[in-house]
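Remarks on the structure that follows.
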């Protein structure tokens, strides 16, 4: 999976739900691979992060650039998080966001990978 994401540009959407099932979807960059079964996302303390506090499951959809139907679906389970850590600065790909705002490195195990379309 790491090689796939290194070779492909595209649009990523991370979907979460709170404990009551209220769903949220947000644009996210490609995942940071810690190993072949573990990914991490850097996120501010907003709705996506709040949802993961009560429901550790998420789905990341990735649509390959220049296509409408090629990509991946990663089914994720949150395993841990770090707040304002040095790892965040090492993994950060851009300087978007307020530097005064708290940021979290949220780590997930990859439970299942499916193509964007089909089973």
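The values are calculated or read from the model by the stated rules, or taken from the named source; none is laboratory data. Only a predicted model underlies this, so the values are computations on that prediction, with no experimental measurement involved. Neighbour counts are summed over all protein chains in view; Cβ atoms, including those assigned to glycine, are modelled from backbone coordinates with ideal geometry.
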Test: residue in the stretch 106-117 that is modelled with pLDDT of 90 or more, over 20 Å from residue 36 (Cα atoms), assigned to a strand (DSSP E or B) and in contact with a helix residue (DSSP H, G or I) (Cβ under 9 Å, 6 or more places away or on another chain): no
With the checklist (1) within 21 Å of residue 10 (Cβ to Cβ); (2) buried (at least 17 other Cβ atoms within 10 Å of the Cβ) in hand, flag the one item residue 65 doesn't pass. (2)
Members of the stretch 1-24 that are outside any helix (DSSP H, G or I), surrounded by 13 or more Cβ atoms within 10 Å (Cβ to Cβ) and touching a strand residue (DSSP E or B) at 6+ places or on another chain (Cβ under 7 Å): 1, 8, 10, 11, 12, 13, 14, 15, 16, 17, 24
Does residue 79 qualify as being in a loop (DSSP other than H, G, I, E, B) and exposed (fewer than 14 other Cβ atoms within 10 Å of the Cβ)? no
Quick one: which residue in 111, 86 is closer than 22 Å to residue 1 by Cα and either exposed (fewer than 15 other Cβ atoms within 10 Å of the Cβ) or out of contact with any strand residue (DSSP E or B) (no Cβ under 8 Å at 6 or more places or on another chain) (or both)? 111
Somewhere in the stretch 43-56, is a residue crowded, with 18+ Cβ neighbours inside 10 Å and in contact (Cβ under 8 Å) with a residue 60 or more places away in the chain? yes
Residues satisfying the stated conditions in the stretch 27-51, i.e. in a helix (DSSP H, G or I), within 11 Å of the chain's Cα centre (by Cα) and under 18 Å from residue 75 (Cβ atoms): 48
